Amino acid sequence: AIVGLLLLAWLYYLAMDRTSGLAAIGLVSFAALAQLAPSLFGAVLWRGGRASGALAGLAAGMAVWAVMLAGPQFAPDFGLNVPAMLGLKDPFATGVFLSLSLNLGVFVLVSRARPPRLIDRVQARAFVDRLGPDWMEGRGGSAGASVGDLRALVAR
């Protein structure tokens, strides 16, 4: 795995445009990492989020990221020049905005279009309703054990 990672880093070094600095590479990589945010927040805060929606949103957002942000790292003339078409000055901000917007939109649309599977319902219950209004009542933990059950188990 380490040798493979070093090989990929060397190939990236050979392929990338050397006019961009280290800060530009870091910004593009952080923009790729930001693609996880809609799925992460959607999974934690929204019961209707589905795994299929998260995967579809990530795929759509990463596709836009690859064309608008990562592609120009390898060839400056590569990719869509959407900021110039729209009369905008900052291609990085436009690429991040469009990729995250598409990511979030596809995540919501696919999640709402797909019926929930059992695993989706179980995980939504475990994460989203964790601190709901009845979390301190005697409904027990994830196994459904009550305080009395636990006392009987400890008394053995």
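Taken together, the values in this text are just the output of simple stated rules run on the coordinates, not laboratory data. Just so it is clear, the structure is predicted and the values come from calculations on it, not from any experiment. Here the Cβ positions follow ideal geometry from the backbone for every residue, glycine too, while neighbour counts run over all protein chains shown.
Things worth noting here:
- With both labels modelled 7 Å from their Cα along Cα-to-Cβ, the R125 to F30 distance reads 4.1 nm.
- Simple label model, 7 Å out from Cα along Cβ direction - L153 to A15, nm: 5.1
- Quick note on the range 2-128: its Rg to Rh ratio, both from C-alpha atoms and Rh being the Kirkwood radius, is 1.07.
- Between F74 and L8, full extension at 0.36 nm per residue minus the direct alpha carbon distance yields a gain of 22.4 nm.
- Ranked by how many other beta carbons lie within 10 Å on average, peptides 112-120, 49-57 from highest: 49-57, 112-120
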